[in-house]
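These notes are about the structure you will find just below.
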2 protein chains.
Amino acid sequence: MLKRTHSCGELTAEHLGREVVLNGWVNAYRDFGGVVFIDLRDRAGLTQVVFEPEAGTQLQEAAQSLRNEWVIGVRGTVRRRLPGKENPKLQTGEIELQATELEVFNATQTPPFEIDGEANEELRLKYRFLDLRRPEMHRIVEIRHRLAQTMRRTMTELGFWEVETPILGRSTPEGARDFLVPSRIHPGHFYALPQSPQLYKQLLMVAGMDRYFQIARCFRDEDLRANRQPEFTQLDIEMSFVQFEDVLATMEGLVKALSREFTGEELSTPLPRLDYHEAMERFGTDRPDLRFGMELIDLGDLAAQTEFKVFKDTIEHGRRVRGICAPGAAEKYSRKDLDALTSFAGDYGAKGLVWLKVEAEQFTGPTAKFLSPEVQAAFRERFGAKPGDLLLIVADTKDVTSAALSALRHRLGRELKLYDPKSFHYSWVVRFPLFSWDAEEGRYVAEHHPFTMPLPEDLHLLESEPLKVRAQAYDLVINGEEAAGGTIRCHDPAIQSTIFRHLGLSPEEAEEKFGFLLSALRFGAPPHGGIAFGLDRMVMLYAGLDNIRDVIPFPKTAKGTDLMTGAPGTVEEKQLRELHIRQR
Amino acid sequence: MLKRTHSCGELTAEHLGREVVLNGWVNAYRDFGGVVFIDLRDRAGLTQVVFEPEAGTQLQEAAQSLRNEWVIGVRGTVRRRLPGKENPKLQTGEIELQATELEVFNATQTPPFEIDGEANEELRLKYRFLDLRRPEMHRIVEIRHRLAQTMRRTMTELGFWEVETPILGRSTPEGARDFLVPSRIHPGHFYALPQSPQLYKQLLMVAGMDRYFQIARCFRDEDLRANRQPEFTQLDIEMSFVQFEDVLATMEGLVKALSREFTGEELSTPLPRLDYHEAMERFGTDRPDLRFGMELIDLGDLAAQTEFKVFKDTIEHGRRVRGICAPGAAEKYSRKDLDALTSFAGDYGAKGLVWLKVEAEQFTGPTAKFLSPEVQAAFRERFGAKPGDLLLIVADTKDVTSAALSALRHRLGRELKLYDPKSFHYSWVVRFPLFSWDAEEGRYVAEHHPFTMPLPEDLHLLESEPLKVRAQAYDLVINGEEAAGGTIRCHDPAIQSTIFRHLGLSPEEAEEKFGFLLSALRFGAPPHGGIAFGLDRMVMLYAGLDNIRDVIPFPKTAKGTDLMTGAPGTVEEKQLRELHIRQR
């Protein structure tokens, strides 16, 4: 075997005159009157190889039989490319290999699509092993590798132990739908694949493991929306003898290491912290993109004073009038664009969108005439608006104004290039509500999970006004994406029973549903809390991608199918019989 | 919250006079006439804490209410223990903490067993979160953590990328029994949990990923023998453009790093290599413990010359007479012990065990009289036996003599303390047969897996004498355990079809069973090969344990049950309906 001495990405002018061997795939094949040029590709890069007639007929004929994607080994001498033929985009662009020997490892069948050409996603997923040959896919796989290693190295430095928890677990009554695995040994019994290692990590704290982490596979049998996969990966973390601030401070150590690795930027900590309520008020979302301003402005008091019926009615019904000011956007958005924005806001429930273009003296726009000069001046001041700005205002419930305006803010921020898309902004959103009210079921539901500890200063409200109680919960937000989320856990049996009561669970029901975790908590749980990072989403962020299938080497379609292997597939009747199940 | 300033394992005379806070579990409670002593325990160790009446009634009463396994925080001053009260076994044994403040985080229920006391394994597994509190379990979890991190760090340094492969895969027709996961979206279809990432890692090589690794969870629904778990972990590795020697040399880099981490020993490489046939001949096993000699000696030619009928008949039937010489064992093994060894050999199929004690002039033992002085002298010379040695001889088929004598060798090596049980010996066993013959099914079966490449020098035998063909296969053996195994894969379609034909697969059947891997191999597979390390077994080796349940934080019983969670459990009828299955 002609075994490589170098990779296809490392030869430079330093190696001139050296005899080397390269291994790789034929990336491009060109025959210029008997002189055969190929680009040879491996994980590390491309190198140009030249087969000249002078090297002998046999070699020449072999070279002429080569085709794209054949796997070969080539021996040759490194020489400088002809003047003007250099390729500054390539690491190896100064040189080429003058071939003296060729070995074909694999005469590849013609691939169903050109590796770096166009092809629909279905075909690419069916031949994923070819799609993964693209240098872009190698780049993503390497980012994922570096992310995982940086996480593990940093967690180890921070004194955490990686602990493996079972994949074959028990079905839990709460949460999303479980994937089930029929037991052969125990007829009628099933394992369930874990939705997260939540239970086990709390048990590890009860076991005194103190600081646990795991890059863990999680499973949810839910209908797949865009950017959801039935199996996904999270960096799962739990620590003992900590309070709220300790978890945040420890995790900032990890975030700093990630920033250093991926952007070279030395983050200053503590990272900004936004209260959930403040985030909802200023940005309309609990995961605001803080790379730009354009905050939501409340106009309630001013709206009540106008003659504009929509505004007045909204305020009279106790609802909200809020808006954003898009800097310099007045000229950039045509009437048609503004109709599109109105329809976009409608997707988030807004029945209308008031737009006002700020001119030197006055506002223009269909609603401007309802606003007196005094109100216009007050709006202008409230927004800090300058001529050329565009005001977008929604009058509706708090939830609708939040949803519509945060979506508009996000869209306009991008369209107006208010931030560098390669920049990163990290912040915490903290103190989420402990409960929300499920009107349909007529009961409280846990916002995070039922074992979350309330904020100490809100404990006096737990009995009387549970919706006002804030949780010791925190999300890490990067560029408007929830990158991680967690809570301090409840290790106090009395508080825990009150929470269960609000959730509509009798002590007996709670025992039935969460039996051995409750038992474990009574056998000596330390104060503890944790967090989980979505690894797939982190890779998307650092690789600058927005499709989750790009960051998972062997992904599933929205129907949960692996087009390459054909999973899920049919099985033999004998297999079902052994598992004591039959098809319905 | 009284938050710790130090761990319970770090205070020494250096900290005398310092005010510190510790958090942990009450490990031992003693009340000496009003002075309360406790040992406080956390992951890092134990510290003695003293509550003296002088510190006030309230603190004293609180201290007297403490019980074992309560979770507390204690503030106090570090002081030297009274002379004679030091405990040199503890890192903190010189000092104690004079308590000034106490906070009870959790008044623990009385545990069902004493943490470091005796309890049966069933109870320990049911309350695994308590069993895991034992310092020994912490030690094992930490070794597992260090092993995984050392592996990942070294693999990264060697240029490998960690790539995640799916857990929800497709059922494969060969190999062990699959765990199945019914699909909700595709009625009648099932995912299968992977028995190993074999398929995916080969596809990653076709995809040009070059060097892949993963610490991967694998699943086999087999009846559990001792030291088998339904889910287990392996370090899975594959590399491209390599031959046999390249894989071994690269992996020796990893083995050196592991040795350095766990024993501090700098291994010299290349590691010893034993041919499979040589290993079977010299040790009777393909995973010999090379920490001691006591090799199997062939006595066939001498046995044929004796008057002993058993020996003569055996040789006449073309079978083997082989034995081992246990140095200095003659005195140590009584008649009863020798009967036990005979019965032990019987477990491996030996119908008898000839034992001979070597004395200065002659052999003693029931068979000695059948051996002439000349034969005795020849035996003595062949074994290199000295007075006081014990010869153990089995006359049977090659397989039975191998199995029985290797088991005896292993047992006597341990009983006679022929090696330091804390030492490590690493070696390769290489060039396994490509096929074995399955007499029951009347066909060849693959010894490793059907994609293994034959040795080039044996290729000419592939058609005519397949049983003589040796594979490019290698096992890493540590202290008599198979720690890792792998092969160079076949990337040549012609060789592959011959192998399939021997395995009794028509081209159509091969296509049906291995379709997309065969397709992938045709689309440009590089020469590649790999290996997998059993992580659970490696932890057992480095932790000095022989029960796999000790190295898995949340293990299953031999019946596949998790006694803590009750998995596998029953599920709701609605869940089965959604999955389109019903109970048989």
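The values are calculated or read from the model by the stated rules, or taken from the named source; none is laboratory data. No experiment lies behind these values; they were computed from the predicted model shown. We place every Cβ from the backbone using ideal geometry, glycine too, and count neighbours over all the protein chains shown. Calculation scope for accessible area: heavy atoms of the full protein, side chains included, ligands and nucleic acids excluded. Shrake-Rupley method; radii C 1.70, N 1.55, O 1.52, S 1.80 Å.
Given (1) of a type outside the set (Gly, Ala, Ser); (2) open to solvent by less than 70 Å² (accessible area, probe 1.4 Å); (3) in a helix (DSSP H, G or I); (4) over 21 Å from B:Ser519 (Cβ atoms), identify the lone condition not met by A:Arg153.
Answer for A:Arg153: the failing condition is (2).
Of all residues in segment B:1-11, count the ones that are more than 10 Å from chain A (Cβ to nearest Cβ) and either within 16 Å of B:Trp70 (Cα to Cα) or open to solvent by 70 Å² or more (accessible area, probe 1.4 Å) (or both).
Result for segment B:1-11: 3.
Is it the case that segment A:139-148 has a residue that's under 24 Å from the mean Cα position of the chain (by Cα), in contact (Cβ under 8 Å) with a residue 12 or more places away in the chain and under 30 Å from B:Ala44 (Cβ atoms)? Let's see the steps before the verdict.
As a first pass, look at segment A:139-148 and keep what is under 24 Å from the mean Cα position of the chain (by Cα): A:139-148.
Within this subset, residues satisfying the condition of being in contact (Cβ under 8 Å) with a residue 12 or more places away in the chain are A:139-141, A:143-144, A:146-148.
Going one step further and asking which of them are under 30 Å from B:Ala44 (Cβ atoms), we end up with A:147-148.
Within segment A:139-148 (the criterion being under 24 Å from the mean Cα position of the chain (by Cα), in contact (Cβ under 8 Å) with a residue 12 or more places away in the chain and under 30 Å from B:Ala44 (Cβ atoms)), the answer is yes, since at least one residue qualifies.
Which of the strands (runs of 3 or more DSSP E) found entirely inside segment B:40-143 contain at least 2 residues meeting this: open to solvent by 60 Å² or more (accessible area, probe 1.4 Å)? I'd like the intermediate steps shown before the answer.
Working: elements: B:45-51, B:71-80, B:95-106.
Those strands (runs of 3 or more DSSP E) span B:71-80, B:95-106.
Being without any contact (Cβ under 8 Å) to a residue 60 or more places away in the chain and out of contact with any strand residue (DSSP E or B) (no Cβ under 9 Å at 6 or more places or on another chain), is that true of even one residue in segment B:237-249?
Yes; the residues of segment B:237-249 include at least one that is without any contact (Cβ under 8 Å) to a residue 60 or more places away in the chain and out of contact with any strand residue (DSSP E or B) (no Cβ under 9 Å at 6 or more places or on another chain).
Which number in (1) open to solvent by 10 Å² or more (accessible area, probe 1.4 Å); (2) under 26 Å from A:Leu132 (Cα atoms) marks the one condition that B:Ala520 misses?
(1)
Return the pairs, sorted by first residue and then second, in which the second residue is of a type in the set (Lys, Arg) and part of a strand (DSSP E or B), the first residue lies in segment B:12-30 and is open to solvent by 10 Å² or more (accessible area, probe 1.4 Å), the beta carbons are less than 7 Å apart, and the residues are 6+ apart or on different chains.
B:Ala13/B:Arg80; B:Leu16/B:Arg79; B:Leu16/B:Arg80; B:Glu19/B:Arg75; B:Asn27/B:Arg41
Out of contact with any Leu (no Cβ under 9 Å at 6 or more places or on another chain), open to solvent by 10 Å² or more (accessible area, probe 1.4 Å) and not assigned by the TED database to the domain that holds A:Thr263: does that describe A:Lys574?
yes
Being touching a residue at least 24 places away in the same chain (Cβ under 8 Å) and facing chain A (nearest Cβ under 7 Å) is the requirement here; does B:Arg184 meet it?
So B:Arg184 fits the description; yes.
Identify, by number, the condition in (1) in contact with a helix residue (DSSP H, G or I) (Cβ under 6 Å, 6 or more places away or on another chain); (2) within 30 Å of A:Glu482 (Cβ to Cβ) that A:Leu299 doesn't meet.
Unmet for A:Leu299, out of (1) in contact with a helix residue (DSSP H, G or I) (Cβ under 6 Å, 6 or more places away or on another chain); (2) within 30 Å of A:Glu482 (Cβ to Cβ): (1).
Which residues, taken from segment A:291-304, are surrounded by 20 or more Cβ atoms within 10 Å (Cβ to Cβ) and farther than 15 Å from A:Cys325 by Cβ?
The one that is surrounded by 20 or more Cβ atoms within 10 Å (Cβ to Cβ) and farther than 15 Å from A:Cys325 by Cβ: A:Ala303.
Which count do you get for residues in segment B:355-376 that are hydroxyl-bearing (Ser, Thr, Tyr) and modelled with pLDDT of 95 or more?
So the count comes out to 1.
So in segment A:359-384, with the set limited to residues that are over 20 Å from A:Met294 (Cβ atoms) and among the small types (Gly, Ala, Ser), which one is surrounded by the fewest Cβ atoms within 10 Å (Cβ to Cβ)?
The selected residue is A:Ala360.
Could you check, for segment B:385-397, whether at least one of its residues is among the small types (Gly, Ala, Ser), surrounded by fewer than 22 Cβ atoms within 10 Å (Cβ to Cβ) and on the phi > 0 side of the Ramachandran plot?
yes
What number of residues within segment A:210-241 are open to solvent by 10 Å² or more (accessible area, probe 1.4 Å), part of a strand (DSSP E or B) and away from every other protein chain (no Cβ under 11 Å)?
Of the residues in segment A:210-241, 1 are open to solvent by 10 Å² or more (accessible area, probe 1.4 Å), part of a strand (DSSP E or B) and away from every other protein chain (no Cβ under 11 Å).
Report whether or not B:Leu59 is closer than 20 Å to A:Gly159 by Cα, out of contact with any Gly (no Cβ under 8 Å at 6 or more places or on another chain) and more than 10 Å from chain A (Cβ to nearest Cβ).
No.
Give me the residue from segment A:366-379 that is touching a Phe, Trp or Tyr at 6+ places or on another chain (Cβ under 8 Å) and part of a helix (DSSP H, G or I) and, out of that set, nearest to A:Gly352 (Cα to Cα).
Ranking the candidates gives A:Phe370 first.
If B:Val539 passes every condition in (1) open to solvent by less than 10 Å² (accessible area, probe 1.4 Å); (2) over 30 Å from B:His410 (Cβ atoms) but one, which one does it miss?
With respect to (1) open to solvent by less than 10 Å² (accessible area, probe 1.4 Å); (2) over 30 Å from B:His410 (Cβ atoms), B:Val539 is out only on (2).
With the checklist (1) surrounded by fewer than 22 Cβ atoms within 10 Å (Cβ to Cβ); (2) part of a loop (DSSP other than H, G, I, E, B); (3) not polar (S, T, N, Q) in hand, flag the one item A:Ala249 doesn't pass.
(2)
Restricting attention to segment A:160-177, report how many residues are modelled with pLDDT of 95 or more and more than 7 Å from every other protein chain (Cβ to nearest Cβ).
Residues in segment A:160-177 being modelled with pLDDT of 95 or more and more than 7 Å from every other protein chain (Cβ to nearest Cβ): 1 in total.
Somewhere in segment B:220-236, is a residue at pLDDT 95 or above and over 30 Å from A:Phe219 (Cα atoms)?
Checking segment B:220-236: not a single residue is at pLDDT 95 or above and over 30 Å from A:Phe219 (Cα atoms).
Can you confirm whether segment A:436-457 contains a residue that is among the aliphatic types (A, V, I, L, M), modelled with pLDDT of 85 or more and part of a helix (DSSP H, G or I)?
no
Count, please, the residues in segment B:108-129 that happen to be of a type outside the set (D, E, K, R), at the interface with chain A (Cβ under 10 Å from one of its Cβ atoms) and in contact (Cβ under 8 Å) with a residue 40 or more places away in the chain.
6
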